[in-house]
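Working notes, beginning with the structure itself.
The values are calculated or read from the model by the stated rules, or taken from the named source; none is laboratory data. Everything quoted here is computed from the prediction, not taken from an experiment. Here the Cβ positions follow ideal geometry from the backbone for every residue, glycine too, while neighbour counts run over all protein chains shown.
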Amino acid sequence: MAKVVKIEVKDNKPIESIQGFFRDLLTKGDVEAILVPQHLPMKNVVMPTLVTDPEKLDGVDPLAPAFPLNAAKVVSKLTSRPLDHKLAVTLRSCEIRAFVELVKLKQGRLDDILIVGFDCLGAYTNAAFSKLSQGDPRGTTIKFLENMIAGKGGVINGFEPAAACRACEFPVPEGADLQVEFLGMDINQQFLIKANTPAGETVLTLLDLPAASEPPERQKVIDELIATRTAFRDQMFADTAEATKDLAGLTGYLANCVNCYNCRVACPVCYCRECVFLTDVFDHDPAQYLQWAERKGLIKMPTDTVFYHITRLAHMSTACVGCGQCSNACPNDVPVMELFRTIARDTQKVFDYQAGRSVDEAPPLSVFREKEFSELTGGKD
């Protein structure tokens with residue numbers, strides 16, 4: 001049975017109690033640095049920070065409904081080579097799954113890191129959080145948590161959580177060494193921490209926190225949250241599939257794309273060192289544009305927008321974890337996440353694959369399976 005301990009929340013201040021946990025982790029937990037989301041003074045943003053000084057944790061807030069980037073890419077950079085130190089990294093569920101994909105693609109390493117995951121209620125888009133958090137970013141965290149846990153939804157001042165979060169069926173951070181739990185309990189009283197691995201158990205032993213057990217209502221709360229999100233997700237799939245069922249629909253769906261490639265940069269599992277769309281392949285000769293225009297009468301500028309997204313779908317949909325950073329980074333609000341998740345559902349289903357499920361599960365097309373697609377190859381089952 002997994003080791004479970006509790007963090008007592010003092011004076012109804014859950015964020016401060018979480019900060020105390022991280023201080024203990026840094027001073028007693030045999031880790032020398034922590035990657036953790038923290039409020040920064042610049043425009044009330046919440047960004048991943050690498051902390052070695054326990055006195056520099058006053059702004060830590062992993063519960064903030066802010067998700068400016070998928071930190072899997074940051075952890076990938078920090079672990080690209082062997083570390084001389086033990087590093088704790090705080091990641092959302094989708095960030096853990098993205099990092100698992102990067103590890104399988106040899107873009108990161110699990111050695112020498114301790115993954116700390118929190119129950120995730122979602123986050124707002126960058127633009128929405130910036131407006132909500134003006135003047136009181138920590139207050140936004142508390143209001144969001146209280147509303148979500150009370151079943152009131154995450155709508156604050158007309159803003160609702162990002163579509164990617166409302167469609168995410170993974171509120172519990174599977175794959176974490178330490179799992180911080182608050183679903184199904186009063187966050188003003190206590191949090192629980194569960195060790196999912198031997199490394200996690202070792203750290204909890206060092207922290208010497210009081211033992212606890214998960215409340216029976218926790219699983220019911222999780223199941224209800226997943227059911228709500230799954231219903232939203234399935235409707236999103238149906239709407240997106242209908243909107244992009246033919247070339248005309250897909251072209252209209254992507255009409256606002258300006259080829260800024262922000263979605264490619266923001267995607268945590270897009271790992272190519274050189275993207276084909278940044279090479280001479282798509283550096284067309286001026287005469288080529290005129291030839292296309294003469295043949296059709298008119299062409300949309302910039303060109304290659306649909307081809308760009310189709311190429312990324314073919315390349316990345318098997319590894320898509322649905323974090324939504326592609327849509328979050330789009331300057332023109334193209335619903336990129338909805339399209340990618342819809343296609344990823346089909347491509348991952350074909351290969352009986354779930355992105356980020358296990359580091360031991362080889363990515364599709366990376367291994368040969370003799371009986372795969374026998375209905376197309378004519379082979380026997």
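Look at G154 and say whether it is surrounded by fewer than 16 Cβ atoms within 10 Å (Cβ to Cβ) and modelled with pLDDT under 95.
So G154 does not fit the description; no.
If a residue counts only when it is closer than 25 Å to A72 by Cβ and not assigned by TED's automatic domain parsing to the domain that holds N332, which helices (runs of 4 or more DSSP H) contained entirely in the stretch 167-276 have at least 2 such residues?
Hits in the stretch 167-276: 198-207, 217-243.
Let's see how each residue does on (1) at pLDDT 90 or above; (2) within 23 Å of V306 (Cβ to Cβ); (3) touching a Ser or Thr at 6+ places or on another chain (Cβ under 7 Å):
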residue	(1), (2), (3)
D333	yes, yes, no
R341	yes, yes, no
Q348	yes, yes, yes
R369	no, no, no
K380	no, no, yes
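Checking the structure you have, find out if any residue of the stretch 117-131 is surrounded by fewer than 23 Cβ atoms within 10 Å (Cβ to Cβ), at pLDDT below 95, hydroxyl-bearing (S, T, Y) and part of a helix (DSSP H, G or I).
The answer is yes, given that some residue of the stretch 117-131 is surrounded by fewer than 23 Cβ atoms within 10 Å (Cβ to Cβ), at pLDDT below 95, hydroxyl-bearing (S, T, Y) and part of a helix (DSSP H, G or I).
Based on this model, can you work out whether S80 counts as part of a loop (DSSP other than H, G, I, E, B) and of a type in the set (S, T, Y)?
Here the answer is yes, as S80 does meet what is asked.
Which numbered condition trips up E146, out of (1) of a type outside the set (G, A, S); (2) farther than 22 Å from F99 by Cα; (3) surrounded by 15 or more Cβ atoms within 10 Å (Cβ to Cβ)?
(3)
State which residue pairs qualify: first residue in contact (Cβ under 8 Å) with a residue 24 or more places away in the chain and inside the stretch 100-119, second residue among the hydroxyl-bearing types (S, T, Y) and crowded, with 24+ Cβ neighbours inside 10 Å in any location, beta carbons under 6 Å apart, and separation of 6 or more residues or different chains.
Note: pairs meeting the criteria are V116/T90.
Given the conditions (1) farther than 19 Å from F99 by Cα; (2) in a loop (DSSP other than H, G, I, E, B); (3) of a type in the set (A, V, I, L, M, F, W, C); (4) in contact (Cβ under 8 Å) with a residue 24 or more places away in the chain, which single one is not true for V306?
So V306 meets the others, but not (2).
Within the stretch 320-340, is there a residue that is surrounded by fewer than 21 Cβ atoms within 10 Å (Cβ to Cβ) and over 19 Å from A255 (Cα atoms)?
no
So which pairs qualify, if the first residue must be in the stretch 225-251 and in contact (Cβ under 8 Å) with a residue 60 or more places away in the chain and closer than 18 Å to A344 by Cα, the second must be surrounded by 14 or more Cβ atoms within 10 Å (Cβ to Cβ) and among the basic types (K, R), the Cβ gap must be under 7 Å, and the two must be at least 6 apart or on different chains?
R229/R166; F232/R166; F237/R345
I'm told E242 meets every condition in (1) modelled with pLDDT of 95 or more; (2) within 23 Å of the chain's Cα centre (by Cα); (3) among the acidic types (D, E) except one. Can you identify the failing condition by its number?
Going through (1) modelled with pLDDT of 95 or more; (2) within 23 Å of the chain's Cα centre (by Cα); (3) among the acidic types (D, E) one by one, E242 breaks only (2).
I'd like to know if the stretch 296-303 contains one or more residues that are in a helix (DSSP H, G or I) and either within 28 Å of R97 (Cα to Cα) or assigned by TED's automatic domain parsing to the domain that holds N256 (or both).
yes
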